[in-house]
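To start, the structure itself, in structure tokens.
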Amino acid sequence: MEKTIQHKVKVEGKGKSKEHAINTALGQIQKKVMDEYKAMIIRIEPLSINVIEAIEHTYTERFLLFFFPRKRHVYRVVIDVDVNITLLKVEDIDFKTTESPSGIVKNIIRNEQMANK
């Protein structure tokens, strides 16, 4: 019923700090994996992280084009993450079928009898 797959995912993130950029990138792993595998995912476990590109962009921001200059930083990171994915095959689960009596009144009476026991 369970199947384990190793997969490489390429994600990128931006942020105002290095930690925020990396956190944004790592937060996209689940979305990318779910887009590729339509099965029920039980676990996504990162095995290794490879940094492909890490860029710090610095610019000067000014109020009304002249006043109060300050330096701003934007960080961008692109990483490859090797992940172990554990999938659950729903098709392999044997569901048993049961039929309930038709009609709402019969279901209400049956539920009340079960509650009284």
Residue hits (the stretch 60-77; in a strand (DSSP E or B) and open to solvent by 90 Å² or more (accessible area, probe 1.4 Å)) are 62, 63, 67, 68, 70, 71
All conditions in (1) touching a strand residue (DSSP E or B) at 6+ places or on another chain (Cβ under 9 Å); (2) open to solvent by 70 Å² or more (accessible area, probe 1.4 Å) are true of residue 35 except (1)
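Being more than 25 Å from the chain's Cα centre (by Cα) and either open to solvent by 60 Å² or more (accessible area, probe 1.4 Å) or not aromatic (Phe, Trp, Tyr) (or both) is the requirement here; does residue 99 meet it? Walk me through it before giving the result.
Numbers: more than 25 Å from the chain's Cα centre (by Cα): yes; either open to solvent by 60 Å² or more (accessible area, probe 1.4 Å) or not aromatic (Phe, Trp, Tyr) (or both): yes.
Yes: the conditions hold for residue 99.
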Result of the Cβ filter at 8 Å on the stretch 1-18, keeping first residues that are within 22 Å of residue 88 (Cβ to Cβ) and partners that are open to solvent by 100 Å² or more (accessible area, probe 1.4 Å), at least 6 apart or interchain, is 7/36
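Run down 42, 22, 85, 49 and say which single residue is open to solvent by less than 50 Å² (accessible area, probe 1.4 Å) and either in contact (Cβ under 8 Å) with a residue 12 or more places away in the chain or polar (S, T, N, Q) (or both). Steps first, please.
Working: 42 fails: open to solvent by less than 50 Å² (accessible area, probe 1.4 Å); 22 fails: open to solvent by less than 50 Å² (accessible area, probe 1.4 Å); 49 fails: open to solvent by less than 50 Å² (accessible area, probe 1.4 Å).
On inspection, the qualifying residue turns out to be 85.
The values are calculated or read from the model by the stated rules, or taken from the named source; none is laboratory data. Just so it is clear, the model here is predicted, and its values are computed rather than measured. Note that we place each Cβ from the backbone using ideal geometry, even for glycine, and neighbour counts take in every protein chain shown. Ligands, DNA and RNA are stripped out before the accessible areas are found, and what is left, the full protein with its side chains, is counted by its heavy atoms. Shrake-Rupley method; radii C 1.70, N 1.55, O 1.52, S 1.80 Å.
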